[in-house]
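Here is the structure we will look at.
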Amino acid sequence: MTGGTGLPPTAGVPLRLRGRVLAPDRAAVMAVVNRTPDSFYPAARAGDEDAALAAVARAVADGADLVDIGGVRAGRGAEVGVEEEIDRVLPVVRRVRAAFPDLPISVDTWRAEVAEAVTAAGADLVNDTWAGHDPALAHVAAAAGAGLVCSHTGGLPPRTDPLRPQYVPAPEPDADADPDAGAEADPLDGVLVDVLATLAAAAARAVRAGVDPGSVLVDPTHDFGKTTWHSLHLTRRTPDLVALGFPVLMALSRKDFVGESLGLPVDERLEGTLAATAVAAWLGASVFRAHDVRATRRTVEMVAVLRGDRPPVRAVRGLV
């Protein structure tokens, strides 16, 4: 199917966790639940276990397909050691698993010790936002039969904010070698080349470690090691990410590239987030990490109907 938008839809790769395919006819929605007192979006903070469990219950009621539990702020902040991170997330994983036995659980961590503890308690996915900083993480996920998110940070270590990140521009097409090579390369394609190479290598390592290829997500990791221009470009080039052959995770929700694009603070970035979500879903992204579950779920469902991947819930206008 192609439309007149100039952006033909791209078929995404569905996410499979422990043998079960999530949301096969639309993109899946991953709800954010943070056990952190300093998350960049205050509404996502869960101060204690009860608050975290209540947040999960709300997310499920709003249509989340899986939840992502985090114990450490992604950016700079107070030091959180391994034991403290485990203390924050492990009891929540246990309680969520008991209360929602069929709900897939992801844990946002770059530490193998944390991943080992939470997968033993029933977590289904390890969301490694820091690009394999701990090389043991893939083996922990594989041993537990869990999935793994492979990310791109431009080489930055955990909890580091970018400062003027630069990527080597992609080489211009050789018109003599390829007669079809016409237009000049976009100078922003340097970040795309770096992201594709990094994610392909990380996904290959995960598969070699024993992670199910259908459970390996690739995440371009907007804002991490990137300027707003980089993040916008990667969103437009979602089909190139999909072409890697793995489910694509997009963590767009209320991020700085949305805020800087519109000149808005974090609590006013919902509409911009949903616009970026709709574009990326149309172009084949498989999973969206979201603070606003209901709005995101409705957005990806509408995109799926527009793409022709699922029928309208009700279509009687002009027929009765």
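The values are calculated or read from the model by the stated rules, or taken from the named source; none is laboratory data. The model shown is predicted, which means the values in this text are computed figures rather than measured ones. Glycine also receives a Cβ, built like all others from the backbone with ideal geometry; neighbour counts cover every protein chain displayed.
The lone criterion from (1) crowded, with 21+ Cβ neighbours inside 10 Å; (2) within 14 Å of Pro9 (Cα to Cα) left unmet by Val293 is number (2). May I ask you to list pairs of residues, at least six apart or on different chains, whose Cβ atoms are under 6 Å apart, with the first in segment 204-232 being assigned to a strand (DSSP E or B) and the second being modelled with pLDDT of 95 or more and surrounded by fewer than 19 Cβ atoms within 10 Å (Cβ to Cβ)? Sorted first by the residue in segment 204-232, then by its partner, the pairs are Val218/Leu244. Would you mind stating whether Pro42 is out of contact with any Leu (no Cβ under 6 Å at 6 or more places or on another chain), at pLDDT below 95 and either of a type in the set (Lys, Arg) or farther than 23 Å from Val279 by Cα (or both)? Against the criterion (out of contact with any Leu (no Cβ under 6 Å at 6 or more places or on another chain), at pLDDT below 95 and either of a type in the set (Lys, Arg) or farther than 23 Å from Val279 by Cα (or both)), Pro42 qualifies.
Arg26 satisfies every condition listed in (1) under 18 Å from the mean Cα position of the chain (by Cα); (2) free of Cβ contacts under 8 Å to residues at least 60 places away in the same chain except (2). Can you tell me which residue is farthest from Leu244 (Cα to Cα) among those in segment 5-18 that are part of a loop (DSSP other than H, G, I, E, B) and in contact with a Gly (Cβ under 9 Å, 6 or more places away or on another chain)? Among residues in segment 5-18 that are part of a loop (DSSP other than H, G, I, E, B) and in contact with a Gly (Cβ under 9 Å, 6 or more places away or on another chain), the one farthest from Leu244 (Cα to Cα) is Arg18. Total residues in segment 248-290 satisfying the condition of being under 16 Å from the mean Cα position of the chain (by Cα), within 17 Å of Ala44 (Cα to Cα) and not in a helix (DSSP H, G or I): the figure is 8. Checking each residue in segment 53-85 for being under 22 Å from the mean Cα position of the chain (by Cα), modelled with pLDDT of 95 or more and of a type in the set (A, V, I, L, M) picks out Leu53, Ala55, Val56, Ala57, Ala59, Val60, Ala61, Ala64, Leu66, Val67, Ile69.
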